[in-house]
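J.: Input: one structure, supplied below.
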Amino acid sequence: MLDPKVIRDSPETIRTALRNRGYDQSMLDRFQELDEKWRSLVEQINRSNKTKNEYSVKISRSDGEEKEKLITEMKEISLRTRELEAEKAATEKSRDEELINFPNLPDPTVPVGSCDADNEEIRRWGELRKFDFDPATHWDIGERLDIIDFERGTKIAGSGFYVLKGYGARLERALINFMQDIHLEQGYEEIFSTVLINESSCYGTGQLPKMKEDMYFVERDGLYLNPTAEVPVTNLHSGEILRREQLPIYYCAYLPSFRREAGRHSETKGIGRVHQFNKVELVKFVLPEESDNELEKLLSDAEEVLKRLGIPYRIRLLCTGDLGFHSSKTYDIEAFAPGMDQWLEVSSCSNFKDFQARRAGIKFRREEHLKSEFVHTLNGSGIALPRTMIALIENFQHEDGSVEIPAALRPYLQNIAKIE
RNA sequence: GCUGAGGUAGCCAAGUCCGGACUACGGCGCCAGCCUUGAGAGCUGGUGGUGCUUAGCACCACGGGAGUUCGAAUCUCCCCCUCAGCGCCA
């Protein structure tokens, strides 16, 4: 959520940001109109309340005929105040509905652009492997090795689900532990959170209201299935005022994530876009002045996973048009999958600045006597499992259909060297 | 799931039965001033949010919401959460 004061004081900044992001700027005009009306109503109600408070004291101190007279007068004032309050409540509701739909302000370093082609490649790591045979896709390899079962996933849950078997399942578990251990080394504290989360948590990080259609919802209990551990983990501190010495907080969390991907999964074959997937997530709570640096560190912490696995990747800085609703600046890490011949987004590292903190009410105090301020939050996948598995299988395949296990991962798989 | 007790400011905690001077008692912590060589103690004032015509003024805030009333921390209803006991359970 943006600071309403900033919208009031520098609407042109907001207008530019909306334009650069490709948003309809009319929301700004609607907000301004409603906000002005709201402020005028607040003024009127304040005046009215003041009179009421004065009457209240007078009534309690008088009796008899005078008291009756005062009560009659106050009745009228009360009635009028109620009307004003009803109007204010309605105005406030409309205004806040506008406010919650404003996307975050892009960081000045974010390139202005509208589509994928405008994203800026920052760097590459690793050599793309040269094959002396035609590299197979992970779904072909997975089926041949009997480690990925698409048909049975569909049978037990539906289209867009899959099941891992044998070494596939073990590889998944190994990757989770491998990643978590790296992040523990890097100074993150491990969290295992709930998979079901309430509505206010989803508003807190900004998934709601925009992503409602993409989330699974348990109607009976009013709970959502976790779409990304960013939501529960960031909300661990919602409504809290942290002490200065608690910051920075680094959390890493493995958690299954669920996305409805309404009308989209059929576009992608394999396990690149599915309804349920595992992900290790990195979440940071930091001092506002540190968040720029913390984003760079977060990115390199996530990259470390791919480096140790030996999977080639590239880093892209997203342009204003591709930036997520709640993010101020985002780097995507894309691993190369030679079978699919595609760069796959395996991580998205974002600085949200105070956007989520403002929604979720996450503050800190520099000194005990000073006013509380909003923290800055960041998060990044560290990293998403299925696409990592795709890259791993497709990069380390042999012509005979076996898949080599990268040396760093072997200790997590009873030291086996390959799956065949 | 049932029964009971609770939720008041950064923290602890009075007030709630019986609505009105509650401008929310008091304490802890913290800040400023006074005092002191210094510190401590003591004393005085301050300590959340919002709006505005911003050395200030006003309003709001007692878990959340709705209602009753001229007036609600206080009465009524719904919901959330905490604790205890019982029940159920991997």
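Every read-out reported here was derived from the displayed coordinates using simple, explicitly stated rules and does not represent laboratory data. Keep in mind the model is a prediction, meaning the values are calculated, not measured. Cβ coordinates were reconstructed from backbone atoms using ideal geometry, including for glycine residues, and neighbour counts include every protein chain displayed.
J.: Local charge sum around A:Gly166 (other residues, Cβ-Cβ under 12 Å, Lys/Arg +1, Asp/Glu -1)? Spell out each step's value before the answer.
T.: Values: positive: A:Lys165, A:Arg170, A:Arg173; negative: A:Asp146, A:Asp149, A:Glu172, A:Glu420.
So the surrounding residues net to -1.
J.: Return one quarter of the surface area of the convex hull spanned by the alpha-carbon atoms of the range A:307-420, equal to its mean projected area, in nm². Walk me through the numbers on the way to the answer.
T.: On the way: hull surface 41.6 nm².
Answer in nm², one decimal: 10.4.
J.: List the chymotrypsin sites (Phe, Trp or Tyr not before Pro) within the range A:167-272 that fall in a DSSP loop (any state other than H, G, I, E or B) and whose Cβ has at most 16 other Cβ atoms within 10 Å. Please list the in-between numbers first.
T.: Values: sites: A:Tyr167, A:Phe178, A:Tyr188, A:Phe192, A:Tyr203, A:Tyr216, A:Phe217, A:Tyr224, A:Tyr250, A:Tyr251, A:Tyr254, A:Phe258; in loops: A:Tyr188, A:Phe192, A:Tyr216.
When the chymotrypsin sites (Phe, Trp or Tyr not before Pro) of the range A:167-272 are filtered for loop state and at most 16 Cβ neighbours within 10 Å, A:Phe192, A:Tyr216 remain.
J.: Just to check, using Stokes-Einstein with a Kirkwood Rh over alpha carbon pairs, what's the diffusion coefficient of the range A:194-285 at 10 °C and 1.306 mPa s in µm²/s?
T.: On the way: Rh = 14.3 Å.
So the translational diffusion coefficient is about 111 µm²/s.
J.: How many percent of the alpha carbon pairs in the range A:55-107 exceed a separation of 13 Å? Please list the in-between numbers first.
T.: Working: 964 of 1378 pairs.
That fraction is 70 percent.
J.: Starting with the fewest neighbours, write out A:Arg273, A:Arg387, A:Arg366 ranked by other beta-carbon atoms found within 10 Å of each beta-carbon.
T.: A:Arg366, A:Arg273, A:Arg387
J.: What Rg and what Dmax come out for the range A:32-160 when only alpha-carbon atoms are used, in angstroms?
T.: Computed over the Cα atoms of the range A:32-160, radius of gyration and Dmax are 33.6, 104 Å.
J.: Tell me the mean residue ellipticity at 222 nm calculated for chain A from its helices only (DSSP H runs of n ≥ 4, each -39500 (n - 2.57), averaged over every residue, nearest 500). Before the final figure, lay out each step's value.
T.: On the way: 12 runs with 170 residues, N = 420.
Result for chain A: -13000 deg cm²/dmol, rounded to the nearest 500.
J.: For chain A, what does the equivalent ellipsoid look like in terms of its semi-axes, each the square root of 5 times an eigenvalue of the Cα gyration tensor, given largest first in whole Å?
T.: Numbers: eigenvalues 531, 95, 86 Å².
They are 52, 22, 21 Å, listed largest first.
J.: From the Cα gyration tensor of the range A:143-263, with a ≥ b ≥ c the square roots of its eigenvalues, which class applies: rounded if a/c is under 1.5, or else prolate if a/b is larger than b/c, or else oblate?
T.: Numbers: a/c = 3.22, a/b = 1.30, b/c = 2.48.
Verdict is oblate for the range A:143-263.
J.: Something else now. May I ask you to sort A:Arg30, A:Arg316 by Cβ crowding, counting other Cβ atoms within 10 Å and putting the fewest first?
T.: The most exposed by this proxy come first: A:Arg30, A:Arg316.
J.: Have a look at the DSSP beta bridges in the range A:116-419 and tell me what percent are antiparallel, nearest 5.
T.: Numbers: 52 of 58 bridges.
Among the beta bridges of the range A:116-419, antiparallel pairing accounts for roughly 90 percent.
J.: Calculate the length of the line joining the C-alpha centroid of the range A:260-324 to that of the range A:161-216, in whole Å.
T.: 12
J.: Taking a cut-off of 13 Å between Cα atoms, list the aspartates and glutamates near A:Lys75, but don't count ones fewer than 8 places away on the same chain.
T.: Correct list for A:Lys75: A:Glu83.
J.: Say the cut-off is 21 Å between C-alpha atoms; which of A:Lys5/A:Lys37; A:Lys212/A:Lys269; A:Lys297/A:Lys371; A:Lys93/A:Lys353; A:Lys165/A:Lys212 go over it? Mind showing how you got there, number by number?
T.: On the way: A:Lys5/A:Lys37 15 Å; A:Lys212/A:Lys269 25 Å; A:Lys297/A:Lys371 29 Å; A:Lys93/A:Lys353 25 Å; A:Lys165/A:Lys212 32 Å.
A:Lys212/A:Lys269; A:Lys297/A:Lys371; A:Lys93/A:Lys353; A:Lys165/A:Lys212, as the Cα separations exceed 21 Å there.
J.: Same structure again: Are there any trypsin sites (Lys or Arg not before Pro) in the range A:134-196 that are in a DSSP loop and have at most 11 other Cβ atoms within 10 Å? List them by number. Write down the numbers at each step before the final one.
T.: Details: sites: A:Arg144, A:Arg152, A:Lys155, A:Lys165, A:Arg170, A:Arg173; in loops: A:Lys165.
Here no trypsin sites (Lys or Arg not before Pro) fit, given the DSSP loop and packing criteria.
J.: How big is the C-alpha Rg of the range A:4-99 next to the rule-of-thumb value 2.2 N^0.38 Å, as a ratio? Kindly include the intermediate steps, with their values, before the conclusion.
T.: Values: Rg = 19.9 Å, N = 96, 2.2 N^0.38 = 12.5 Å.
Relative to the rule-of-thumb radius for its length, the range A:4-99 sits at 1.60.
J.: For A:Gly382, enumerate residues with amide H under 5 Å from its amide H, sequence gap 5+ or separate chain, H modeled in the peptide plane.
T.: Result for A:Gly382 returns A:Val280, A:Glu281, A:Leu282.
J.: DSSP loop (so not H, G, I, E, B), at most 15 other Cβ within 10 Å: list which chymotrypsin sites (Phe, Trp or Tyr not before Pro) in the range A:89-159 pass both filters. Walk me through the intermediate numbers first.
T.: On the way: sites: A:Trp125, A:Phe131, A:Phe133, A:Trp139, A:Phe150; in loops: A:Phe131, A:Phe133.
Filter output for the range A:89-159: A:Phe131, A:Phe133.
J.: Scan around A:Ile416 for amide H atoms under 5 Å from its own, H built in the peptide plane at 1.01 Å from N, and keep only partners 5 or more places away or cross-chain.
T.: none
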